[in-house]
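Below: the structure, in structure tokens.
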Amino acid sequence: MDTGGAGYREVKTVTNHDRQPQGEPGGDRLLPGSASLAVLLIVFIILSLLTLFSIMRGGTGHVASDAGGTKAFSPIDFPEIDFDRELMPEVADGGAADAEGTYLVRQSLAYEDYFPCTDCHAEMEVNRERRQLEEMHDDIELNHGPADRWCFDCHNPDDRDSLRLANGTLIGFDESYRLCGQCHGTIFRDWREGIHGRREGYWNGAKSYLLCAHCHNPHAPHFQAIEPLPPPVRPQFLRATAEEVHDE
Amino acid sequence: MSDADRDRANQGDGFERSVDRRALLISTGLTAMAAVSASVAGASTGFVERLLRTRFTELSPERKAEILADLEREYSERYARTVTVADTPPMDGVEFAYGLDIARCVGCRRCVYACVHENNQSRDPQIHWIRVLRMEKERGIELAESTAYYEPELVPEPDAFYLPVACQQCRNPACVKVCPVKATWQEPDGIVVIDSDWCIGCRCCMSACPYGARHFNWTEPTIPSAELNPDTHYLGNRPRPKGIVEKCTFCIHRTRKGRYPACVEICPVGARKFGNLLDETSEMRYLMREKRVFVLKEELNTRPRFYYFYAT
Amino acid sequence: MVQDIFSFVVGSARLALRGGRLYYAWLAVLGLLVVWGATAWWQQITQGLIVTNMRDQVSWAFYIGNFTFLVGVAAAAVMLVIPAYIYDWKPIKEIAIFGELLAVSAIVMCMLFVLVDVGRPDRAWHLMPFFGSLNLPSSLLGWDVLVLNAYLVLNVVIVGHLLFTGFHKRPYRRRFVVPLLLFSIPAAVGIHTVTAFVYAGVAARPFWNSAILAPRFLASAFCSGPAILLILFQILRRTTSIEIKNEAIWKIAELMAYAMFLNLFLFGAEIFREYYSNTHHLIHTQYLFSGIHGHRALVPFAWASLTASVIAFLLFLVPATRRNLVTLNLGCLLIYSGVYIEKGMALVIPGMTPDTLGEFYEYVPTLTEVRIGAGIFAIGFLVFTVLCKIAIPILQESEDPEEEELPQAEAALP
């Protein structure tokens, strides 16, 4: 539908209708579109501004107040964790220059507890009967294949300061990995190569390992769950948490 | 305008003085370019002095030493500590690779905070180079359903596994390709580095990185002086300015001296492995032989140096 | 020669500074917006980009969205050039210069939006070839910097020459200008293609990493840029004595109709690919059109944009509504809104939501970002207004060369 009226049909013959004559701005030849254009533009601008300011809400969106990531933590908040990780002196000395690689194992935790065991057990009678311990060491929860294993499968009944391998060889607690490796051969191989367990030191030189027992309680070896450190700050809280600290 | 000029102007094709045409073109062009350059370059202090400085990699050794000394002085003053900024070059015959055992990772995030401690990341606003994603065991690796904000009492949760993600030091890095000023590049030992004094903060690299590994300093980063790690590398963990991009550098200040990265050493379950891929006896080669490794988003052909594996 | 240039510059300044109350009121409003934006920008300079709502998860947003849209507007000047000089169609040739002026203003705005987006504008000189280290041929943003500057210079030279010769009542040098004008056609296609490639080349963002992104950009640019011009022409012929025939407007509208069809068709092709193949990449389109996990911020805008584009297309398609200025203007505003949303929010944000690691961060601009954006738009309008103010009298006079130069220019001012 052509709502332009007579003016448009004359366009081909006379050109005056679609051009403002000079010196007559805003003259009597107002085109139908002009006023509506002004209206349209004004409505458009108002709607745009309304839309813009309506989407510019502040706030943090769909995050529950107790959800993770609303507070910023840093390493200093966890003094119980040693982030500096001092190397064993021999490893630090060996360094990267140690082409052969010094491979040291950190000291067994057993040496910190009851050692030497013979203090009590040297004179004590050996009771090889499989039982629940009641007088001493009743705090030990045995959950290491309990159907098939108990204390004397690993501990040497004749000398409690040592551990006994299946073929009778006696080893110290600092070599306990040999004992574990008898049954857990693939893990032992991975551990030797460095794939299993944590190592510290130089990727091209001296390193220190941990014993199996450092991470796995040999009596109940299942790795215990630990408390995680806090999650990162969510992006919508990044500025708020930064300013919080700045204001303190 | 004079009559003579007008007469000339009315001749045929216009005036023929080629000098004028050239002069017009040059003057207009120069004016435009000057206006554009001025608006683009902005005004800043030390503009002239920085104008004389080129990219770090293109500097002479003497000039580099000067700059490093300047930086050490600046940081030492600012943090009231003795800060060293090294420029340790890559070792010959070394290509780093990283292994992450997802059978072992328990999602404890100690690696995240050890990295923050070691690499002088801003405490507020908080920047973390490592992001640990929690996935559901039943769904496998599905990034859209993962979350980095898990906060259970204890980890690991029985129905979840965890995937830490940081810079993969890709062999075909998209970030290096898109940087308009060559502020980021891959070093011969495989580490993708950023020159924090050259980056303009356009964040093209952040768009291009498929692993969300790059992080921006949205404002001036802050590290309490007591928490600063004073042993730094120019391309790595030295204190960064605001308005530039940063990311994991495989602890370049440690690994180029042979030491393990901080995340490797702190992981309580030993899930992180690191070494020289060119060394057949390295733990990395062992794990690639014995365990099955995979990489994230391999269809993007980034060929990462960061291998995830599953050791039973 | 230098004398001529000097008098041209002085004369232009005089033309720009002579105006009625409406003109100065308009300049004052724009000036206020510029100040409003500049103070916000200062905040951003001192505090850093943290005053925006961009974060690592959505690292490009309002500024880059506007930049992308405005590159399209700048490229669309070519819409006027093609028919004017290739088909030698007189009604458009007279007004093609306004397309060039719009292109200049748009490119200035583009560069300003990039300047406010980078973290270190004081290091922007690193982008210069030779002095800095512009990463060609590898970096698409590097190419973008090059071609945008080249396009700006090209347009300034063309406009400068036309106005300079017009000012001095000489005919312009066809052998100089026409090749440049013809070159500006591939240049315009070039700037928009390169900008599209900045997005399309990013494999990490599957929403962008599509072969038809560049054609979509061009199609939507050819809709939105001329839409602005059509409205501007109507304002110009109402407020000044410049002559703009309805036929010119209708021809442009007709060409826009073709562009709109292509825009919708390519969009349809993209939608088909996403929904039918139903890969993981669909999640971005779903976020845009239906929302995911309760994140629905963009959904109303996506649908509004689509509806506006379709209605505009119909209005432009039907000759009756195309020729009726009321529906034409409605169509122009609709397609402008549709493409603005499509190139801004509906391109940059869904490309980054969810981010590469699957996180949903819903971005909305802050007041600071909007203020800076408003300031930049005001600068663009300012540039365009001043350029028109200079150009119109000159164009008028060049049609009536026997009258006196300056008084005529003054009489032509509203």
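The numbers here are math on the coordinates, done by the rules we state, and not lab data. This structure is a prediction, so every number in the text was calculated from the model and none was measured. Positions of Cβ are backbone-derived with ideal geometry, glycine not excepted, and every protein chain shown enters the neighbour counts.
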Checking rank on B:270-278, B:203-211, C:129-137, with mean other Cβ inside 10 Å and highest first, the result is B:203-211, B:270-278, C:129-137
So for chain C, using the alpha carbon gyration tensor with a ≥ b ≥ c as root eigenvalues (a/c under 1.5 gives rounded; past that, a/b versus b/c decides prolate or oblate), I'd call it prolate
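Of the listed pairs C:Lys251/C:Lys389; B:Lys182/B:Lys242; A:Lys207/B:Lys137; B:Lys257/B:Lys297; B:Lys182/B:Lys257, which have alpha-carbon separations greater than 23 Å here?
Values: C:Lys251/C:Lys389 25 Å; B:Lys182/B:Lys242 19 Å; A:Lys207/B:Lys137 34 Å; B:Lys257/B:Lys297 31 Å; B:Lys182/B:Lys257 26 Å.
Violating the 23 Å limit, Cα to Cα: C:Lys251/C:Lys389; A:Lys207/B:Lys137; B:Lys257/B:Lys297; B:Lys182/B:Lys257.
Please get the size of the charge dipole for the protein assembly as shown, origin at its Cα centre, with Cβ charges of +1 on Lys and Arg and -1 on Asp and Glu, quoted in debye to the nearest 20. Each step should come with its number before you reach the end.
Numbers: 91 positive and 110 negative charges, 861 e Å.
That gives the protein assembly as shown a dipole magnitude of about 4140 debye.
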So the pair-distance distribution of region C:150-231, from every Cα-Cα distance in 5 Å bins, comes to percents of 3, 13, 17, 16, 16, 13, 9, 6, 4, 2, 1, 0
Averaged over residues of B:116-126, the number of beta carbons from other chains lying within 10 Å of each residue's Cβ is 6
Computed on Cα atoms only, the convex hull of region B:229-284 has an orientation-averaged projected area in nm² of 5.0
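I need the GluC sites (Glu not before Pro) found in region B:129-195, filtered to DSSP loop residues with at most 16 other beta carbons within 10 Å of theirs. Let's see the in-between values first.
Working: sites: B:Glu136, B:Glu138, B:Glu142, B:Glu145, B:Glu153; in loops: B:Glu138, B:Glu142, B:Glu153.
Passing both the DSSP loop test and the Cβ count: B:Glu138, B:Glu142, B:Glu153.
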Of A:125-132, B:114-121, B:85-92, ordering from highest average Cβ density within 10 Å down gives B:114-121, B:85-92, A:125-132
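Could you work out the helix-only [θ] at 222 nm for the protein assembly as shown, with each DSSP H run of four or more residues adding -39,500 (n - 2.57) and the total divided by the number of residues, to the nearest 500 deg cm²/dmol?
On the way: 35 runs with 462 residues, N = 974.
Estimated from H runs of four or more residues: -15000 deg cm²/dmol.
Determine the shape class of region B:96-310: with a ≥ b ≥ c the square roots of the Cα gyration tensor eigenvalues, call it rounded for a/c under 1.5, and otherwise prolate if a/b is greater than b/c, oblate otherwise. Before the final figure, lay out each step's value.
Numbers: a/c = 1.41, a/b = 1.25, b/c = 1.12.
Taking the square roots of the gyration eigenvalues as a ≥ b ≥ c, region B:96-310 is rounded.
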Per region C:1-88, sqrt(5λ) over the Cα gyration tensor eigenvalues, sorted largest first, in Å, gives 35, 25, 14
All alpha-carbon distances of the protein assembly as shown, grouped into 10 Å bins from 0, give the whole-percent distribution 2, 10, 18, 19, 16, 12, 9, 6, 4, 2, 1, 1, 0, 0
Across A:34-42, the residue-averaged tally of Cβ atoms belonging to other chains within 10 Å stands at 5
Given unit charges at Cβ for Lys, Arg (+) and Asp, Glu (-), the dipole magnitude of chain C about its Cα centre in debye, nearest 20, is 160
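Across peptide C:42-49, what mean number of C-beta atoms from other chains lies inside 10 Å of a residue's C-beta?
Working: counts 0, 0, 0, 3, 2, 5, 11, 8.
Shielding by partners across C:42-49 averages 4.
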One quarter of the C-alpha convex hull surface, i.e. the mean projected area of region C:268-331 in nm², amounts to 5.2
Sorted on mean Cβ neighbours within 10 Å (highest first), peptides B:243-256, A:141-154, C:288-301 come out as B:243-256, C:288-301, A:141-154
